[in-house]
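The values are calculated or read from the model by the stated rules, or taken from the named source; none is laboratory data. These numbers come from a predicted model, not from an experiment. For neighbour counting, all protein chains shown are included, and Cβ atoms are generated from backbone atoms with ideal geometry for every residue, glycine included.
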Amino acid sequence: MASVKILRPGYFKMVNEEGCEATCTISLITDAGKKIIVDTGNVGEGKEIKKALKKNGLSPSDIDYVIITHYHPDHIGNNSLFENATFVDGVETFVENKFHFFEEKYTITKNVTVIRTPGHYSNDDCSVIVKTDKGTIAIAGDLFWSDEKNLPPFIFKKKLLMKSRAKIVKMADFIIPGHGDMFKVSKKK
Ligand SMILES: [Zn+2]
């Protein structure tokens, strides 16, 4: 089974009508010897990420995969820190100039699958489904903002978003949202 650790929980705060403070939740998955990071925070947060990795006996060069849930700036700021990683988003994997496309889902290891969950930022947003000893954990980016109820303040297409959320709620026992800590899914199918 895979293990999931939140390297740094995200948060969000409106400062006034014209601005906010935001950092995203950054997660570390380990499965079958592969080290996987989900989302990489804001530009300038590299130091904090390195520190959090070090606590887990890792450095950025040890990371095999970086999963990009979507392309908002607070989720991709330190992608270039991970020089040995294969990058995965909702439609493709890439290393340097080589892109490989996939349909709907991409299996990284036996217990770690990336699935498309559109609606928050684009048609191509994704979530990561991780099978662990505790149950299934979905790392969902901003599809879930901070808990099961709160909607993200920015929505690309609400109908798509609600459909993707329902899909994740059905699949997952726990959800790691884009700007908060892990929570337990309340109702099962
Ligand atoms: Zn976002």
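Restricting attention to segment 152-166, report how many residues are surrounded by fewer than 20 Cβ atoms within 10 Å (Cβ to Cβ), at pLDDT 95 or above and within 13 Å of the ligand (Cβ to nearest atom). First the steps, then the outcome.
We begin by selecting, within segment 152-166, every residue surrounded by fewer than 20 Cβ atoms within 10 Å (Cβ to Cβ); these are 153-160, 162-163, 166.
Filter again for at pLDDT 95 or above, leaving 155-160, 162-163, 166.
Checking which are within 13 Å of the ligand (Cβ to nearest atom) leaves us with 155-156.
Within segment 152-166, residues that are surrounded by fewer than 20 Cβ atoms within 10 Å (Cβ to Cβ), at pLDDT 95 or above and within 13 Å of the ligand (Cβ to nearest atom) number 2.
For segment 19-32, the tally of residues that are of a type in the set (A, V, I, L, M) and within 16 Å of the ligand (Cβ to nearest atom) stands at 2. For segment 18-60, the set of residues classified as free of Cβ contacts under 8 Å to residues at least 40 places away in the same chain, of a type in the set (A, V, I, L, M) and surrounded by fewer than 22 Cβ atoms within 10 Å (Cβ to Cβ) consists of L28, V43, L58, listed by residue number.
Answer with yes or no whether K35 is in contact with a helix residue (DSSP H, G or I) (Cβ under 7 Å, 6 or more places away or on another chain), within 26 Å of K110 (Cβ to Cβ) and either more than 16 Å from the ligand (Cβ to nearest atom) or at pLDDT 95 or above (or both). Yes, satisfied.
For I139, the conditions (1) within 12 Å of the ligand (Cβ to nearest atom); (2) under 21 Å from K34 (Cα atoms) are fulfilled apart from (1). Sort out which residues of segment 147-189 are in contact with a strand residue (DSSP E or B) (Cβ under 7 Å, 6 or more places away or on another chain) and aliphatic (A, V, I, L, M), and write them in order of number. The answer is I168, M171, A172, I175, I176, M182, V185. Before we move on, is K51 under 29 Å from D173 (Cβ atoms) and out of contact with any helix residue (DSSP H, G or I) (no Cβ under 6 Å at 6 or more places or on another chain)? No.
Yes or no: segment 93-100 includes at least one residue that is on the phi > 0 side of the Ramachandran plot and not in a strand (DSSP E or B). Within segment 93-100, one or more residues are on the phi > 0 side of the Ramachandran plot and not in a strand (DSSP E or B).
Among the residues making up segment 75-91, those that are not small (G, A, S) and not in a loop (DSSP other than H, G, I, E, B) are H75, N79, L81, T86, F87, V88.
Going by what's in this entry, would G180 be described as surrounded by fewer than 22 Cβ atoms within 10 Å (Cβ to Cβ) and within 16 Å of the ligand (Cβ to nearest atom)? Before you say what the answer is, go through the steps one by one.
Working: surrounded by fewer than 22 Cβ atoms within 10 Å (Cβ to Cβ): yes; within 16 Å of the ligand (Cβ to nearest atom): yes.
In short, yes.
Looking only at residues of segment 107-125 that are surrounded by 19 or more Cβ atoms within 10 Å (Cβ to Cβ) and in contact with a Leu (Cβ under 9 Å, 6 or more places away or on another chain), we find that the one that is nearest to D89 (Cα to Cα) is D125.
Applying the set (1) within 24 Å of K34 (Cα to Cα); (2) in contact (Cβ under 8 Å) with a residue 12 or more places away in the chain; (3) not charged (D, E, K, R) to L161 leaves exactly one unmet item: (1). Can you confirm whether segment 43-65 contains a residue that is under 18 Å from I137 (Cα atoms) and touching a strand residue (DSSP E or B) at 6+ places or on another chain (Cβ under 6 Å)? Yes, the conditions are met somewhere in segment 43-65. For segment 61-93, the candidate set comprises residues that are within 16 Å of the ligand (Cβ to nearest atom) and hydroxyl-bearing (S, T, Y); within that set, the residue that is surrounded by the most Cβ atoms within 10 Å (Cβ to Cβ) is T69.
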